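> Dropping the structure in here first, questions after.
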Amino acid sequence: MAQATTSTNNAPVIQAEKVSGPWRDAWRAFRRNKIAMAGLIMIVFFVLIALLAPVIAPYDYKAQELADRLKPPSSEHWFGTDDLGRDLFTRVLYGARISLWVGTFSVVGSIILGTLLGILAGFYGKWVDMIISRMFDILLAFPSILLAIAIVAILGPSLQNALLAIAIVNIPTYGRLVRAKVLGLKNEEYITAARSIGMKDSGILLRHILPNSLTPIIVQGTLGIATAIIEAAALGFLGLGAQPPAPEWGKMLSDSRQFIATAPWTVVFPGVSIMLTVLAFNLMGDGLRDALDPRMKN
């Protein structure tokens with residue numbers, strides 16, 4: 001039986017081709033985008049400080065020291081203190097946990113429900129599409145922040161209810177996105193071929209429709225986290241989100257607005273944290289869009 005041997009003469013050496021695929025190509029394109037990589041690095045930074053907040057924070061975020069109230073930034077309190085003498089640096093660190101938690105999980109909930117409804121509407125059409133589309137239209141008839149305020153007002157102010165409200169108001173965004181994608185996919189030849197060999201609808205949806213709908217979902221989900229963080233901060237600013245003494249960035253801005261002139265650091269650091277986090281997700285989302293959309297490639 002012949003066995004493979006190593007060539008010792010001038011025989012050409014065949015080198016294995018580099019493994020390539022759409023996701024690997026997308027990652028290469030993403031890495032070449034310096035602005036998108038900067039956004040990714042910023043996101044990793046905020047995630048790390050959120051996870052390591054108990055280790056990094058020099059004080060307890062609930063600890064009050066009225067003798068130290070409204071102290072400017074110093075070596076003892078890097079970001080200064082608020083009107084109750086609490087260390088702002090510590091509270092900003094813990095605030096990253098809340099903002100990222102609300103932003104991520106509200107978007108995950110929106111994606112799951114929106115994708116499910118969008119697939120059903122686009123794939124089955126007829127009365128199913130009509131009912132689901134009208135539900136989306138009703139939700140989109142209201143400004144998202146006003147609808148979120150109404151939901152939280154009914155359920156009661158809390159961080160969990162704010163997360164639920166943000167998830168609900170963003171469902172139509174993902175549902176209509178997926179519905180449009182499915183309408184374009186369900187008449188493709190490979191879907192017709194799958195039907196002809198007797199594949200069930202559930203198999204077609206899970207093996208063909210859903211995987212080919214992931215690209216716009218990923219891009220919109222990344223951008224949606226930025227929107228969800230802003231909405232959570234807005235609800236917190238109105239007193240409908242995280243409740244005291246939770247160090248939520250929007251609530252910190254609300255509590256400090258009366259000290260803008262006398263103690264501007266109480267507003268600057270939470271505000272800059274919101275701005276940088278939202279900017280990071282927007283930069284990364286734009287980079288993902290450019291990397292995953294074939295129309296954006298040369």
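The values are calculated or read from the model by the stated rules, or taken from the named source; none is laboratory data. Please read these numbers as outputs of a predicted model, since none were measured by experiment. Positions of Cβ are generated from backbone atoms using ideal geometry, with glycine treated the same way; all protein chains shown enter the neighbour counts. Areas reflect the complete protein model, heavy atoms only, side chains present, ligands, DNA and RNA absent. Shrake-Rupley method; radii C 1.70, N 1.55, O 1.52, S 1.80 Å.
> Loop-only trypsin sites (Lys or Arg not before Pro) in region 119-201, please: DSSP not H, G, I, E or B, and at most 12 other Cβ atoms within 10 Å. Don't skip to the end; give the middle numbers.
Details: sites: 126, 134, 176, 179, 181, 186, 195, 200; in loops: 186, 200.
Counting only loop positions with at most 12 other Cβ atoms within 10 Å, the trypsin sites (Lys or Arg not before Pro) in region 119-201 are 200.
> Does anyone have the angle between helix 171-185 and the longest principal axis of the chain? Alpha-carbon axes, 0 to 90°, nearest 10?
Once rounded, the angle reads 10 degrees.
> On a 0 to 90 degree scale, rounded to 10, what angle separates helix 214-237 from the longest Cα axis of the chain?
Here the helix axis deviates by roughly 10 degrees.
> On to the next question. Please find, in a Gaussian network model of the chain (springs between Cα atoms separated by less than 10 Å), the residue of 234, 261, 53 whose mean-square fluctuation is greatest.
Largest GNM mean-square fluctuation: 261.
> Let me ask another. Taking 45 Å as R0, compute the FRET efficiency from the Cβ-Cβ separation of residue 108 and residue 62 and round it to 0.05. Mind dumping the intermediate values first?
Numbers: r = 29 Å, r/R0 = 0.63.
About 0.95, to the nearest 0.05.
> Next question, about the same structure. Expressed as an acute angle from 0 to 90° and rounded to the nearest 10, what is the orientation of the C-alpha long axis of helix 265-292 relative to the principal long axis of the chain?
Taking the Cα atoms of the chain, the angle to 265-292 is about 10 degrees.
> Name the shape class, rounded, prolate or oblate, that the alpha-carbon gyration tensor gives for region 142-201, where a ≥ b ≥ c are the square roots of its eigenvalues, rounded holds for a/c under 1.5, and otherwise prolate holds if a/b is larger than b/c and oblate otherwise. List each step's numbers first, then the result.
Numbers: a/c = 6.23, a/b = 3.23, b/c = 1.93.
Since a/c reaches 1.5 and a/b is larger than b/c, the shape of region 142-201 is classed as prolate.
> Oh, and also: Quick one: 3J(HN,Hα) in Hz for region 123-134, Karplus 6.51/-1.76/1.60 with θ = phi - 60°, rounded, Gly and Pro as x.
In residue order, the calculated couplings are 7, 8, x, 6, 5, 5, 4, 5, 5, 5, 5, 5 Hz.
> Still on this structure, please answer the following. Output the relative contact order of region 167-298, whole-number percent, from Cα pairs under 8 angstrom with separation of 6+ residues. Could you put the intermediate results ahead of the total?
Values: 96 pairs, mean separation 29.8, N = 132.
Over region 167-298, the number comes to 23 percent.
> Can you tell me the length gained on complete extension of the stretch residue 84 to residue 197, counting 0.36 nm per residue apart and subtracting the Cα distance?
Values: separation 113, 0.36 × 113 = 40.68 nm, distance 6.97 nm.
Roughly 33.7 nm would be gained on extension.
> Another one. Comparing 284, 199, 135, which has the greatest mean-square fluctuation in the GNM of the chain with Cα pairs linked when under 10 Å apart?
199
> Moving to a separate point now. Probe of 1.4 angstrom, ligands and nucleic acids ignored: what's the accessible area per residue over region 220-298, in square angstrom?
Values: 3450 Å² over 79 residues.
Averaged over the residues of region 220-298, the accessible area is 44 Å².
> As a check on your grasp of the helix formula, calculate [θ] at 222 nm for the chain: sum -39500 (n - 2.57) over DSSP H runs of n ≥ 4, divide by the residue count, round to the nearest 500. Please list the in-between numbers first.
On the way: 13 runs with 195 residues, N = 298.
The per-residue figure over the chain is -21500 deg cm²/dmol.
> Something else about it: I want to check the label-to-label distance for residue 48 and residue 142. Put each point 7 Å from Cα in the C-beta direction and report it in nm to one decimal.
4.1 nm
> Counting pairs of alpha carbon atoms under 8 Å apart in space and at least six apart in sequence, what relative contact order in percent does the chain give?
On the way: 410 pairs, mean separation 75.1, N = 298.
Averaging sequence separation for qualifying contacts and normalising by length gives 25 percent for the chain.
> Order 142, 237, 136, most accessible first, counting only protein heavy atoms with a 1.4 angstrom probe. Provide the component values of the computation, followed by the final result.
Working: 142 115, 237 85, 136 5 Å².
Solvent-accessible surface, decreasing: 142, 237, 136.
> If I stretch the segment between residue 70 and residue 24 completely, what's the gain in nm (0.36 nm per residue apart, minus their alpha carbon distance), one decimal?
Going from the current span to full extension adds 11.5 nm.
> A follow-up question, please. Any chance you could look up the accessible area of residue 101 with a 1.4 Å probe, heavy atoms only, rounded to 10 Å²?
Using a 1.4 Å probe on the heavy atoms, I get roughly 100 Å².
> Please build a GNM for the chain, connecting alpha carbons under 10 Å apart, and tell me which residue among 168, 204, 43 fluctuates the most.
204
> At 0.692 mPa s and 37 °C, plugging the Kirkwood radius over alpha-carbon pairs of region 85-202 into Stokes-Einstein gives what diffusion coefficient in µm²/s?
D, rounded to a whole number, is 199 µm²/s.
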